[in-house]
Amino acid sequence: MLLGVNIDHIAVLREARKINDPDPLDAIALAVRAGADQITIHLREDRRHINDDDARRIIAHSPVPVNLECSVNPDIVEIVAELKPHRATFVPENREEVTTEGGLNFETQYANLDKAVHYLKAREIETSFFIDPTKEAIKAAKGIGVAWVELHTGAYANIYAMLYSNLKNTPHCIKELDVERSKLSKMLKASLEALEIAADEGEEYGLKVAAGHGLNYQNVKAICALQNIVELNIGQSIIARSVFSGFEEAVKEMRARLQ
C-alpha cells in the first residue's frame, strides 16, 4: 500500500500567524525518510494554505512524486501545466467549506474535466479524479481517460468517528449521524462495502485506485484490507499526531499501520 502524505496542514499552521514558519518544504525529507511514497498538496483557488510558491518549490525539490490536488478552474489548470507535478488530482471546491466534502459532479463538470484532463495528459502529467465511491463515478472517470481515481472516504470516516470515538459528545458532533449505535454499525458496513465495490470496479476498468479523506490511525485498518486500493493519501491526522510525537515519527506510525 502506497502512502501519500498530505502536508497542507503545515501551511495551515503557517497561515494562522501569516509568517514564514513552518515551511511545508521542510517536511518533505522527513516524510520520505519515514516511508512516504508521495507528497500530496492542494493548491486551492482561495490559496488558504498552500500557495503558488509552495507548490513550485515542493515540486522542484521533492525526491518522490508530487500529487497536486486542484480544481478544474482554467487558471489553476494553466498553473498545473506550468508546474508539471507527477500527478494532478481534480477535486471539487467550495469557498465556504472547511475541507473538501464529496466527490466531483460529472453532470455539471464533465466537459470541463474532459478538456482539462486531455490538456494535462498532452503535457505528460498524470491525472486523477476525486470521486464518490459509486459505479457511475467510476464509469465517468474511465470515459474521460484518467489513469487514477481517488475514492472519497469522508462518509466512512465520519460514521466511524461517531461510532467509535467521543465525537458525538463534543461540539463537533455530526448531527445527522447522531443515531443509535446499531444503525451506525449498519451504515459503516454499507459505506465500507461501497468503497470495496468501487475499488473493484475501478480495477476492472483498468484504473489505479487511491483513497483518502478523514483517514486516521484508528479507521485506516479496514481500508487497507480492501484489495484493489493501492494508495492512501492522508494528511490532517498525521500533522495532528506530529504535534505530540514529531512529524517523522508520525509518518512512521502511519506507515506501520498501512503495513
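The values are calculated or read from the model by the stated rules, or taken from the named source; none is laboratory data. As the structure is a computational prediction, the values presented were derived from the model and not from experiment. When we count neighbours, we look across all protein chains shown, and the Cβ atoms used for this are built from the backbone with ideal geometry, even at glycine.
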Residue in the stretch 225-241 that is of a type in the set (Ser, Thr, Tyr) and either modelled with pLDDT under 95 or not in a loop (DSSP other than H, G, I, E, B) (or both) present: yes
Candidates Ile59, Ile41, filtered to the one that is closer than 18 Å to His213 by Cα, modelled with pLDDT of 95 or more and within 18 Å of the chain's Cα centre (by Cα): Ile41
In the stretch 125-141, the residues that are in contact with a His (Cβ under 9 Å, 6 or more places away or on another chain), surrounded by fewer than 23 Cβ atoms within 10 Å (Cβ to Cβ) and either at pLDDT below 95 or over 18 Å from Asn67 (Cα atoms) (or both): Asp132
Some residue of the stretch 176-197 being closer than 20 Å to Ile39 by Cβ and touching a Ser or Thr at 6+ places or on another chain (Cβ under 7 Å): no
Selection status of Gly206, without any contact (Cβ under 8 Å) to a residue 40 or more places away in the chain and surrounded by fewer than 20 Cβ atoms within 10 Å (Cβ to Cβ): no
Positions within the stretch 1-37 being assigned to a strand (DSSP E or B) and either exposed (fewer than 15 other Cβ atoms within 10 Å of the Cβ) or touching an Asp or Glu at 6+ places or on another chain (Cβ under 7 Å) (or both), in sequence order: Leu2, Leu3, Gly4
Enumeration of residues in the stretch 98-114 that are at pLDDT below 80 and surrounded by 11 or more Cβ atoms within 10 Å (Cβ to Cβ): Thr99, Thr100, Glu101
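Here's the yes/no breakdown for (1) acidic (Asp, Glu); (2) more than 20 Å from Met1 (Cα to Cα); (3) crowded, with 22+ Cβ neighbours inside 10 Å:
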position: Gly143; (1), (2), (3): no, yes, no
position: Val149; (1), (2), (3): no, no, yes
position: Glu180; (1), (2), (3): yes, yes, no
position: Ala199; (1), (2), (3): no, no, yes
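Residues checked against (1) surrounded by 16 or more Cβ atoms within 10 Å (Cβ to Cβ); (2) touching a His at 6+ places or on another chain (Cβ under 7 Å); (3) of a type in the set (D, E, K, R); (4) within 24 Å of Arg87 (Cα to Cα):
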| site | (1), (2), (3), (4) |
| --- | --- |
| Tyr160 | yes, no, no, no |
| Tyr164 | no, no, no, no |
| Asn169 | no, no, no, no |
| Ile174 | no, no, no, no |
| Leu184 | yes, no, no, no |
| Gly214 | yes, no, no, yes |
| Val243 | no, no, no, no |
| Gly246 | no, no, no, no |
| Ala256 | no, no, no, no |
